[in-house]
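Here's the structure, in structure tokens; my notes come after.
Any read-out appearing in this document is the output of simple, stated calculations on the displayed coordinates, not a laboratory observation. A quick note: this is a predicted structure, and the numbers were derived from the prediction, not measured. Reconstructed Cβ throughout: ideal geometry from the backbone, glycine too, with neighbour counts over all protein chains shown.
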Amino acid sequence: MELREILKKVVLLGDGGVGKTSLIARYVVDKFDDKYIATIGTKVSRKDIQVIKPNLIVNLRLMIWDVLGQKEYSKIRAASLSGAQGLILVGDLTRQDTVDSLLDFWLKEAELVVGKVPTVVVGNKADLADKEQMTATVLESQGQKLDFPTCLASAKTGENVEGMFHTLGEMMVADVVAPPSAGSDEPKTLAEVMDHIVQDFCAQYGDLEKAMLIVQHQFQEAGIDIRRPNRDAVLQALDGLARAEELSLSKTVSMVNLEERRKMVVLARD
């Protein structure tokens with residue numbers, strides 16, 4: 001499993017008071033404040049997520065830009081939009097005019113600066129609005145018209161907040177794939193498989209010294225003799241490595257790695 005580190009700039013756009021700042025706060029630090037604070041200029045937050053792809057784990061770092069929603073400040077907005085690789089257009093489901101302006105103003109303005117980039121359309125304040133009402137219907141039809149994913153979210157309850165950012169993240173790395181591996185380089189014997197697994201574990205863990213100590217500990221616990229590795233002992237050690245990865249990376253990544261490594265061990269020649 002290859003590991004790739006990628007940095008992407010995301011910008012949230014929408015009229016003032018639609019809840020862009022609250023959505024970011026809910027996503028980044030899992031907090032909600034119902035006091036309205038107008039964003040002065042631009043605020044930048046950071047959030048790391050993981051996208052699992054065939055033979056590839058993408059550690060995606062999102063730099064999330066919260067841009068003021070007052071339409072008069074075009075120069076500040078253009079400077080903030082520059083270099084954006086993803087957009088989240090936010091409307092307030094309790095205010096029809098904020099949803100209408102997403103396509104009439106915000107998308108047009110963004111495309112003048114960055115062109116067409118991965119975009120998600122969000123209706124915020126779903127906790128206050130009837131999801132069957134006209135505002136939600138208009139927002140979803142706008143997204144369908146442009147082939148943008150849409151979602152109804154709530155910064156207050158957290159509904160769909162993580163999902164909307166993860167959807168955009170997946171769109172931004174959709175074209176990232178693991179390079180094809182040369183057949184001759186594939187590990188064949190159990191020793192070669194062990195060598196590959198240790199290298200892969202250390203690379204994903206990120207700290208070579210600590211990673212090697214974990215490997216040594218798990219190999220000792222499993223009673224592995226490097227000179228004559230036993231398949232069952234190696235499989236036991238893999239469980240220990242997976243537990244370490246669950247703490248340092250995530251449960252999803254550890255399970256993907258464990259399944260792949262087990263398969264390699266089972267298929268390896270003695």
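Here are some notes:
- Positive-end extreme of charge dipole, the chain - chosen from 129, 256, 198 (charges on Cβ): 129
- Counting DSSP beta bridges with both ends in the chain, the antiparallel % (nearest 5): 30 percent
- The simple spin-label model puts a point 7 Å past each Cα toward its Cβ; for residue 255 and residue 225 those points are separated by 3.6 nm.
- Nitroxide proxy distance, nm - points 7 Å out along Cα→Cβ at residue 176 and residue 203: 1.5 nm
- The ellipsoid equivalent to the alpha-carbon distribution of the chain has semi-axes of 46, 18, 16 angstrom, derived from the gyration tensor eigenvalues as √(5λ) and listed largest first.
- The angle between the Cα long axis of helix 20-29 and the longest principal axis of the Cα atoms of the chain comes to about 20 degrees, rounded to the nearest 10.
- Fewest-first ranking of 82, 22, 45, 101, using other Cβ atoms within 10 Å as the exposure measure: 82, 45, 101, 22
- Placing pseudo-labels 7 Å out from each Cα toward the beta carbon at residue 146 and residue 112 gives an inter-label distance of 1.5 nm.
- C-alpha long axis of helix 208-222 to longest principal axis of the chain, angle in °: 50 degrees
- Backbone amide hydrogens, once placed in the peptide plane, bring residue 153 within less than 5 Å of 123, 124, 125, 126, excluding anything fewer than 5 places away on its chain.
- Fluctuation leader among 225, 100, 130 - the chain, Gaussian network, Cα springs under 10 angstrom: 225
- Neighbour net charge for residue 261 - beta-carbon separation under 11 angstrom, K R +1, D E -1: -3
- Entries in 31/251; 8/53; 47/108; 53/263 that, when Cα-Cα distance is taken, lie over 19 Å: 31/251; 47/108
- Among 121, 29, 138, the largest mean-square fluctuation in a Gaussian network model of the chain, built with springs joining Cα atoms closer than 10 Å, belongs to 29.
- With the cut-off at under 15 Å, measuring from each backbone N in the stretch 190-227 to a point 7 Å along the Cα-to-Cβ line of residue 243 picks out 214-223.
- Using alpha-carbon coordinates, inclination of helix 231-248 to the longest axis of the chain, degrees: 30 degrees
- Lys/Arg +1, Asp/Glu -1 at C-beta; the stretch 1-144 dipole; positive extreme among 98, 58, 11: 58
- Length gained on full extension, residue 2 to residue 270: 94.0 nm, using 0.36 nm per residue less the C-alpha separation.
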